[in-house]
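Chemist: Pasting in a structure now, in structure tokens, and then I'll have a few things to ask.
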Amino acid sequence: MGLNKQKSAELFEAAKKMFPGGVHSPVRAFKSVYGPPLFIDRGESCYLYDVDGNEFIDFCNSWGPLILGHKHQRVIEAVKKAIDKGLTFGAPNAISNQLGEIILSNHRFIDKIRFVSSGTEAVMSAIRLARGYTGKDKIIKFEGCYHGHVDSLMVQAGSGLATFGTSTSAGIPESFIKETLVLPLGDLNVVEETLQKVGDSVAAIIIEPIPANNGLLLQDIEYHRGLRDLCHRYGVLLIWDEVISGFRVGFEGAAGLYNIQPDIITFGKIIGGGMPVGAYAASSEIMKCVAPDGPVYQAGTLSANPISMAAGLATLQTCLEDGFYTTLEDKKNLLIDTITQEIQSTDIDIHFQSIGSIFWLTFSNTRIFRADQIDSSSMDLYKELHRFLLDNGIYWGPSGYEVGFISSAHTEDILIKAGKIIGAGIKEISNK
Ligand SMILES: *Cc1c(COP(=O)(O)O)cnc(C)c1O
């Protein structure tokens, strides 16, 4: 049987003749799962519809931005209203003031913000700002954290105890790699030893406070407090990349959740409500360095264009409604509880790691908090599960390293229905 994917398959063949791998962002090519990627025709609340007319309950939500689900009325209306006035002016506009105001007045950890057009751009700019502010060059990052395709961060740990990493992409000069140190997550001693040796030349430590791009590698709060403390002691800025966690685990993101003050925070995804927006934010003192106030140059033709600002504003206004985040978390718990109930009788090693409305299924019975603890052979199981889910109307990320997201458009009934299907899928693959 299986899903009818004929039109998607045809479009994918045509796309491959025009675009590298047929796509504009690599994971979309479905390389780690079966079949051609589905070409999506439209979205509606928590549903996706592909060009062959198949319907799916969507847990990808465009990789996180759609916290309100697809085509949320308030967002669509705000965008339409903005479009009526023109698309972009390359000049200041009132709506970016409104978005800035709503963010800064509801976020205790930042004073000033600059809008850009993607998460990658936000991180790239934050790194430059940290270097400009401290006058130092090196950056420390962690294995298992993703920060967009910024040259100096496309680096992974070298083998053994090699100090310098290796690049995860061709086209990145050796000399750039030398400016980045890659450490394992969850180990404060390693960070301290490194800072003792090279702290004088380190501008910043960058981390996803809720690492959600390589599974969901949740860290202990003591670890985050420890990093904060080490950064203070060694005069190093702490950059929290909240492109996923910002406005997701609470309006103040991980900073609010853990009550920890990072030096610079980067945003993306939800902040644009489905349109291309990123941002970086910090104290007034640090942001003073950004042009035209200061010497750190950063600019953008389409930065803060009114359409993107309108989508972000309508989304964040909705996130601020009473009980928004607790309801979302309850819904996530309902989904996981339903699945867990369904698979009680199976003896497959599996569990969920989750926070707020983010969840990750891992084929393991122990907590995973470092990238190297993930058993890559379990990805074959995920591949089987993914096929079952698509065939049964559930759209999950096309790789076992991807997390899932609940949106406010998922109703309890739909989550119970989805949970039963997912449970059936897990049972099916465990019997194989
Ligand atoms: C998605 C993501 C990025 C990159 O954002 P883009 O908008 O895809 O450039 C950076 N950091 C984190 C933590 C992300 O999840």
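Chemist: With a sphere of radius 13 Å drawn around the Cβ of Ala15, what net charge do the other residues whose Cβ falls strictly inside it have (Lys, Arg +1; Asp, Glu -1)?
Modeler: Local charge sum for Ala15: +2.
Chemist: Same structure, new question: Let me check I've understood the local charge: for Gly273, count other residues with C-beta under 15 angstrom from its C-beta, Lys and Arg +1, Asp and Glu -1. What total comes out?
Modeler: +4
Chemist: Going from the alpha-carbon gyration tensor of region 1-159, what semi-axes, largest first and in whole Å, does one get by taking the root of 5 times each eigenvalue?
Modeler: Over the Cα atoms of region 1-159, the ellipsoid semi-axes are 34, 26, 15 Å.
Chemist: Oh, and also: Determine, for each peptide in 204-215, 301-312, the mean count of other beta carbons within 10 angstrom over its residues, then list the peptides with the highest first.
Modeler: Answer by packing, highest mean first, reads 204-215, 301-312.
Chemist: Sticking with this structure for a sec: Label region 158-281 by shape, choosing from rounded, prolate and oblate, from the square roots a ≥ b ≥ c of the eigenvalues of the Cα gyration tensor; if a/c is under 1.5 it is rounded, and otherwise prolate applies when a/b is larger than b/c, oblate when it is not.
Modeler: Because a/c hits 1.5 or more and a/b fails to exceed b/c, region 158-281 counts as oblate.
Chemist: Average projected area of the Cα convex hull of region 328-432, in nm²? The partial results should precede the final answer.
Modeler: Values: hull surface 24.8 nm².
Mean projected area for region 328-432: 6.2 nm², to one decimal.
Chemist: Need one word for region 20-104: rounded, prolate or oblate. Basis is the Cα gyration tensor (sqrt eigenvalues a ≥ b ≥ c); a/c below 1.5 gives rounded, then a/b vs b/c decides. Intermediate results must be reported in sequence, preceding the final value.
Modeler: On the way: a/c = 2.29, a/b = 1.90, b/c = 1.21.
Prolate shape, in that a/c is at least 1.5 and a/b is the bigger ratio.
Chemist: What is the ratio of the Cα radius of gyration of region 216-342 to 2.2 N^0.38 Å, where N is its residue count, to two decimals?
Modeler: Its radius of gyration relative to the 2.2 N^0.38 Å reference: 1.25.
Chemist: Using the Cα atoms of the chain to build a convex hull, what is its mean projected area in square nanometres?
Modeler: The directionally averaged projection comes out at 21.1 nm².
Chemist: Where the accessible area of region 323-373 is counted over protein heavy atoms with a 1.4 Å probe, how much of it, in %, is carbon and sulfur?
Modeler: Whole-percent figure for carbon plus sulfur exposure: 44.
Chemist: Next up: Looking at the square roots a ≥ b ≥ c of the eigenvalues of the Cα gyration tensor of region 105-216, which shape do they give, rounded for a/c under 1.5, prolate if a/b is larger than b/c, or oblate?
Modeler: Numbers: a/c = 1.43, a/b = 1.36, b/c = 1.05.
Judged from the Cα gyration tensor, region 105-216 comes out rounded (a/c under 1.5).
Chemist: Could you pull the Rg and Dmax for region 3-47, using just the Cα atoms, both in Å?
Modeler: In order Rg, Dmax, the Cα atoms of region 3-47 give 11.1, 33 Å.
Chemist: Here's a follow-up. Taking the convex hull of the alpha carbon atoms in region 79-154, what volume per residue do you get, in Å³?
Modeler: Hull volume over Cα atoms, normalised by residue count, gives 158 Å³.
Chemist: Sorted by average packing, counted as other Cβ atoms within 10 angstrom per residue and highest first, what order do 179-186, 408-415 take? Please list the in-between numbers first.
Modeler: On the way: 179-186: 20.1, 408-415: 17.4.
For the peptides 179-186, 408-415, the packing ranking is 179-186, 408-415.
Chemist: Okay, next question. Sum -39500 (n - 2.57) across every DSSP H segment of at least 4 residues in the chain, then divide by the residue count to get the 222 nm mean residue ellipticity, nearest 500.
Modeler: -11000 deg cm²/dmol
Chemist: Relative contact order for the chain: what percent, with Cα pairs under 8 Å and sequence separation of 6 or more?
Modeler: Values: 836 pairs, mean separation 97.8, N = 432.
Averaging sequence separation for qualifying contacts and normalising by length gives 23 percent for the chain.
Chemist: Another one. Please report the accessible area of Glu77 (heavy atoms, 1.4 Å probe, ligands and nucleic acids excluded) in Å², nearest 10.
Modeler: 110 Å²
The values are calculated or read from the model by the stated rules, or taken from the named source; none is laboratory data. None of the values given here were measured: they were computed from a predicted structure. No Cβ is skipped: glycine too gets one built from the backbone with ideal geometry, and neighbour counts run over all protein chains shown. Just the protein is used for accessible areas: all its heavy atoms, side chains included, with ligands, DNA and RNA removed. Shrake-Rupley method; radii C 1.70, N 1.55, O 1.52, S 1.80 Å.
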